[in-house]
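One structure is given here, and the rest of the page talks about it.
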Amino acid sequence: AAETEKEFRFFSLGSMASVGGGKGVYDGSHVGDPYGWEAMLPFNLKGLSAWLAWRSAYVGKQVSLANKLLIPMYWFKTWAFG
């Protein structure tokens, strides 16, 4: 069984955080290369662009279509009515 097991290799997709007020941060300075392709240049985002990237990643990682539709509606409801 040990012959068919692959060696574990960790790779990072970076770190993201939403810090409120439509602002966020993304640190991609140590992004891994999971598929053996040539890695993209490391980059960082901050402010509105990082916040939008975080929101997009959050919705994109949802499994059900219901959650993908409801979460942005809840975000809008919170923005509009507090």
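The values are calculated or read from the model by the stated rules, or taken from the named source; none is laboratory data. From a predicted model like this one, the values you see are computed outputs, not experimental measurements. These area figures cover heavy atoms from the full protein model, side chains too; ligands, DNA and RNA do not enter into them. Shrake-Rupley method; radii C 1.70, N 1.55, O 1.52, S 1.80 Å.
Per-structure values
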item: Members of segment 60-82 that are open to solvent by less than 100 Å² (accessible area, probe 1.4 Å) and among the β-branched types (Val, Ile, Thr); result: 71, 78
item: Residues located in segment 25-76, provided they are part of a helix (DSSP H, G or I) and modelled with pLDDT under 90; result: none
